[in-house]
Amino acid sequence: EKGEYRHFMEKEIHEQPDSVQHTLSEYLDLVSGKAKVQAVDFAALSRIQIVACGTAFYAAQIGRYAFEKYAGLPCDVEIASEFRYRDPALSPGTLAVAVSQSGETADTLAGLKWCKAQGLKTAAVVNVHTSSMAREAEILWPTHAGPEIGVASTKAFTAQVAALLSLAVAAGVARGRIDAVQEAELVKALFEAPRLIAEALQMDAGIHALTLDLAKARDVLFLGRGPMFPLAMEGALKLKEISYIHAEGYAAGELKHGPIALIDEATPTVALAPLDDLFEKTASNLQEVAARGGPVIMITPETAPALHGAGVRRVHAPDCPALIAPLVYAVPMQLLAYYTAVQKGTDVDQPRNLAKSVTVE
Ligand code: F6R
């Protein structure tokens, strides 16, 4: 079943050009360059409340940046286990959205049910289309990742991100924030993702080389800004889960508010640095890390300006439109965790203490 691959995780990482393509096609039309009209009236919404756990929570946070930026639609994202017990104050006109691969995660399902009981409209972004959440929610927003066997989520994550970015564009159009010309551009950009993900898969040799050192680390910091911040947290989660190395994802701008105290020669920092309008700010944070002797692994396009100082290693990611950077940069995050775990000899597909579907809280 794994074919030419050593692990399901490796196979699933390589399936992403297809799984993202299938998911985008659910929401966007390549030929007309238009987002498909959705069952929900985005123009009538005042807010989106997303609940999710783990990797799905990070995908949702990437979605939040897009809903606010492209659709001007306020969006909150919360870990389901907190949301369900804290009596959140919700306003009418809020769409509650559960994001989940399995559609069975106990806390996420409970959060969704609670919102429904409050009278909110509900939707579920799920990969298992017959799951409890799919049945519970009024609107089913499917991802098309196909069955995911590896316990550490990879292709389900990028499918969730692809669905949420597409829905953000659809919402922007419905709310009059995106005109027909911009819509065509954004749809085109999204459909470039499968090809650019395939290109990012070519980073494997470069990433593999870096993990020889990374596997020796006890702690690793992941940094990013904008949508690269939740992706940094996802990268840290992936590394923790399968290599058992302690890792934290931080917003690069938070570095000097605490985590910089951790920096020393033995603590590598992985930075997600696409060449966007925040690049210079991230680069200056990395300069501070390097100046303190911290090894830096910079995931950045080849065209990005070089940092000064020793200890900075770069792996080159494809140039890509800002909208799809989280999809493209997810690949080096996954490969980094995967090769580090292989290097350490851990059980990649069945990490200790973890279950694929968490149906009890
Ligand atoms: C991480 C991972 C978990 C799940 C989380 C939610 O690699 O797989 O963090 O993302 O347990 O699961 P679903 O998406 O099925 O609700």
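The values are calculated or read from the model by the stated rules, or taken from the named source; none is laboratory data. Here the structure is a predicted model, which means the values were calculated and not measured. Here Cβ is always computed from backbone atoms with ideal geometry, including for glycine, and neighbour counts include all displayed protein chains. Accessible surface areas use protein heavy atoms only, side chains included; no ligands, DNA or RNA. Shrake-Rupley method; radii C 1.70, N 1.55, O 1.52, S 1.80 Å.
Over all other residues within a Cβ to Cβ distance under 11 Å of Ala159, the charged ones net out to -4, with Lys and Arg as +1 and Asp and Glu as -1. Residue separation of Glu26 and Tyr5 scaled by 0.36 nm, minus their Cα-Cα distance, works out to 4.7 nm of gained length. So how far, in whole Å, is the C-alpha centre of segment 257-303 from the one of segment 82-118? Their Cα centres are 36 Å away from one another. Computed extension length for Ala291-Gln350: 17.4 nm, one decimal, from 0.36 nm per residue of separation with the Cα-Cα distance subtracted.
When both segment 127-184 and segment 211-240 are represented by their alpha-carbon centers, they are found 25 Å apart.
Calculate what fraction, in whole %, of the accessible area of segment 269-361 sits on carbon and sulfur atoms when a 1.4 Å probe is rolled over the protein chains. Taking all protein chains in place, segment 269-361 shows 51 percent carbon and sulfur surface.
Is the C-alpha gyration tensor of segment 1-152 telling us rounded, prolate or oblate? Criteria: a/c under 1.5 is rounded; beyond that, a/b larger than b/c is prolate, otherwise oblate. Judged from the Cα gyration tensor, segment 1-152 comes out oblate (a/c at least 1.5, b/c at or above a/b). Annotation: for a label point projected 7 angstrom from Cα along Cα→Cβ of Ala180, residues of segment 30-72 with backbone N closer than 18 Å are 30-37. Let me have the relative contact order for segment 250-361, percent, based on Cα pairs under 8 Å that are six or more residues apart. Once normalised by length, the contact order is 20 percent.
Within straight-line reach of Lys121, meaning a Cα separation under 20 Å, sit the following aspartates and glutamates at least 8 residues removed in sequence or on another chain: Asp41, Glu68, Asp76, Glu78, Asp87, Glu104, Asp107, Glu136, Glu138. Taking every protein chain into account, the accessible area of segment 238-361 amounts to 43 square angstrom per residue (probe 1.4 Å).
Cross-link pairs exceeding 22 Å between alpha carbons, from the set Lys188/Lys281; Lys216/Lys240; Lys36/Lys69; Lys34/Lys155: Lys188/Lys281; Lys34/Lys155.
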